[in-house]
1. Quick one: how many residues across region A:80-123 are within 10 Å of chain B (Cβ to nearest Cβ), outside any strand (DSSP E or B) and not charged (D, E, K, R)?
2. Evaluate the following for residue B:110: is it crowded, with 17+ Cβ neighbours inside 10 Å and under 19 Å from residue B:218 (Cβ atoms)?
3. Can you find, within region B:322-344, the residue that is farthest from the chain's Cα centre (by Cα) among those that are surrounded by 14 or more Cβ atoms within 10 Å (Cβ to Cβ) and charged (D, E, K, R)?
4. Here are some residues: B:219, B:247. Which one is free of Cβ contacts under 8 Å to residues at least 12 places away in the same chain and surrounded by 15 or more Cβ atoms within 10 Å (Cβ to Cβ)?
5. Report every pair of residues separated by at least 6 positions or lying on different chains whose Cβ atoms are under 9 Å apart, first residue within region B:128-149 and at pLDDT 90 or above, second surrounded by fewer than 18 Cβ atoms within 10 Å (Cβ to Cβ) and assigned to a loop (DSSP other than H, G, I, E, B).
6. What is the number of the single condition among (1) hydrophobic (A, V, I, L, M, F, W, C); (2) over 30 Å from residue B:391 (Cα atoms); (3) away from chain A (no Cβ under 14 Å) that residue B:163 does not meet?
7. Among the helices (runs of 4 or more DSSP H) confined wholly to region B:150-245, which include 2 or more residues that are in contact with a Cys (Cβ under 6 Å, 6 or more places away or on another chain)?
8. Residue B:289 is checked against (1) crowded, with 17+ Cβ neighbours inside 10 Å; (2) on the phi > 0 side of the Ramachandran plot and fails just one. What number does that condition carry?
Amino acid sequence: MTQYLLAVHGPAEMGEFGDYGSREAMEAAFAATDAFNDELRAEGSWVFAGGLQPASTATVVDGQGASPVVTDGPYLETKEVLAGFWIVKAPDLDAALALAARGSKACGGKIEVRPFDGLESDG
Amino acid sequence: MQGERAAVERVFREEYGRLIASLTRRFRSIDVAEEAAGEALVAALEKWPESGIPPNPGGWLTTTAGNRAIDRLRREKQRDAKHQAAFMTYDDTPHEPTGPVEDDRLRLLFTCCHPALAPEGRIALTLRLLGGLTVPEIAQAFLVPETTMGQRITRAKQKIALAKVPYRVPEAGDLPERLDGVLAVLFLVFNEGYLATGDGDPVRAELTGEAIRLTRILRRLLPEEPEVAGLLGLLVLTEARRDTRVRDGQLVPLAEQDRSGWDRALIDEGHALIRECLAINRPGRYQILGAINAVHTDAPTTADTQWSQVVALYDQLTRLDPSPIVALNRAVAIAELDGPEVALAQVDRLPLESYHAWHATRADLLRRLGRHVEAGAAYDAAIAATSNSAERGYLTGKRAGLPEPTQR
């Protein structure tokens, strides 16, 4: 099994109901995401998941110099930012893509799938 | 001596896809497979000119390459086991047969054409690993620098290894969709050969030939899939007309081709394939395109073509693929059936201003309607939008043949 990051991308500018058009749509997506999380746990694919506060709350730390340089804001100013993520374990990319498709449907956002470097587990 | 070397290289090329596919399954690494295959070629070049080509050259190459790979892996195991492990591809079911047919080339084809890879990477990797074309050959065929093509292939291979693109034939439920991706790659390779972009040869027979060879292999591996037969039918019916398609560096359109120069054997094969796949009654895009080509190649002259049947087939295709390009091709048939005026009205509605064939079609219809000034402008736009030298030559000739506008 390989661990994959399923990163949910959404607009940097959030409205009253986040990325969603209405309170109902937002609540429906939250409920669908909770249900998907339960399925991941039941199927043994779950490692971790979390939603993130808006990108405006991000801080970048560059510790490469003599003393760390801290800057406000996300690393890249873009229109689309990381909104939340899952870490799942899957036997191969096809399996990870299938999980991502379900997660995308549940949370209502586009998902980028990336394998972790060298994290192998047996189950 | 030169002849012997060429003979060895021909056998190697012929066996390359099978060799790489079986080594990749066995050693779970495309890189290991490629290196071992290369070493087996060196061994064959040393040995075969003296001993003669063995009765089963593929078996000889597989055994030799397998032994070299084992030697190499033993040496490297002591060095850096962890690094090596990162570059292993993943095989979920190493010893199980892949559904109805057990052929590693089928797995490799689905891996090379995986939707997670960049489209240009899929094409390059398919030609490299299954076609046995060298990186310089592929670079030349697509008119990109060798380093660019090398990077494309390396990136695709790295993604396969690191993201674990599976090395297997997709399950039945996913097969139709994934098969579409494979067929699209083969069709793109063919089309790049048949109407090559850029200023090189207008037709690149090595690409059309390779696309047909790989599609023939796919057909043997998946004989029950009508779209595979449909694509092969489409390709051979198109290839059959290749020699008549360019004359003196100028493209010759279907209507003006010398039909006695068409390859009858390929046409017969194509017609049989199209009949066979249509009988399965699971129509698809390639079967319909093949059937349209079967109608064209069935007619002794353009005038004898059953245009109503062509239009009916395009109607069927439109239901599957309601794209403006299909509508444009349908309009060309409509011009023969209902006249250029009806066709032009349909063509003008299509949002294809950046497509050379749209301008070329408009130019032809306007010329036939005697609207020569507008036709001239449309030919100019078509010439500016095409990058194929033979097509430019044809359009320039047609443009020059328009009557001079009368003095005001």
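1. The total comes to 6.
2. Answer is yes for this residue.
3. Result: B:338.
4. Answer to the selection: B:247.
5. Hits for this filter: B:128/B:134.
6. In the conditions (1) hydrophobic (A, V, I, L, M, F, W, C); (2) over 30 Å from residue B:391 (Cα atoms); (3) away from chain A (no Cβ under 14 Å), residue B:163 misses (3) alone.
7. B:175-194, B:226-239
8. It is condition (2) that residue B:289 fails.
The values are calculated or read from the model by the stated rules, or taken from the named source; none is laboratory data. Here the structure is a predicted model, which is why all the values come from computation and not from measurement. A quick note on method: Cβ atoms are made from the backbone with ideal geometry, for glycine too, and the neighbour counts reach across all protein chains shown.
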